[in-house]
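A quick write-up on the structure given underneath.
The values are calculated or read from the model by the stated rules, or taken from the named source; none is laboratory data. None of these values were measured; they are calculated from a predicted model. Cβ placement follows ideal geometry from the backbone for every residue including glycine, while neighbour counts extend to all protein chains displayed.
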Amino acid sequence: MLSNVPFPKDGFVRLSQILAPNGPIPVSKSTWWQGVKDGRFPQPRKLGPRTTVWKVEDIRALFDGTTDDDGQ
């Protein structure tokens, strides 16, 4: 599918672009959402009632090992 597409440098990404096998984070959906709830993973943005996205900068900071502790 999209596994040959490199991870974007800016903008927003959907969950399918974040989690393996297409994305850089090797966890399940349930683990991801629990991590969001616990504060281990970045908070999402809602673009619509059924559209949830994350800032690419937040996800890159997560898998690069850097954090931006501004709460968003």
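Criterion applied to P8, P21, P42 was being in contact with an Asp or Glu (Cβ under 7 Å, 6 or more places away or on another chain), of a type outside the set (D, E) and either at pLDDT 95 or above or not in a helix (DSSP H, G or I) (or both), and the one residue passing it is P42. Within region 45-67, the set of residues being surrounded by 11 or more Cβ atoms within 10 Å (Cβ to Cβ) and either assigned to a helix (DSSP H, G or I) or at pLDDT below 95 (or both) comprises V56, E57, D58, I59, R60, A61, L62, F63. Taken as a whole, the structure places G11 among residues that are loosely packed, with under 12 Cβ neighbours inside 10 Å and in contact with a helix residue (DSSP H, G or I) (Cβ under 6 Å, 6 or more places away or on another chain). Is there a residue being under 19 Å from G65 (Cβ atoms) and either in a loop (DSSP other than H, G, I, E, B) or touching a Ser or Thr at 6+ places or on another chain (Cβ under 8 Å) (or both) anywhere in region 30-37? Among the residues of region 30-37, not one is under 19 Å from G65 (Cβ atoms) and either in a loop (DSSP other than H, G, I, E, B) or touching a Ser or Thr at 6+ places or on another chain (Cβ under 8 Å) (or both), which makes the answer no. Contact annotation: residue pairs with Cβ atoms under 7 Å, 6 or more positions apart or on different chains, pairing a residue in region 25-52 that is closer than 13 Å to R14 by Cα with a partner that is loosely packed, with under 11 Cβ neighbours inside 10 Å and of a type outside the set (S, T, N, Q), are T52/K46.
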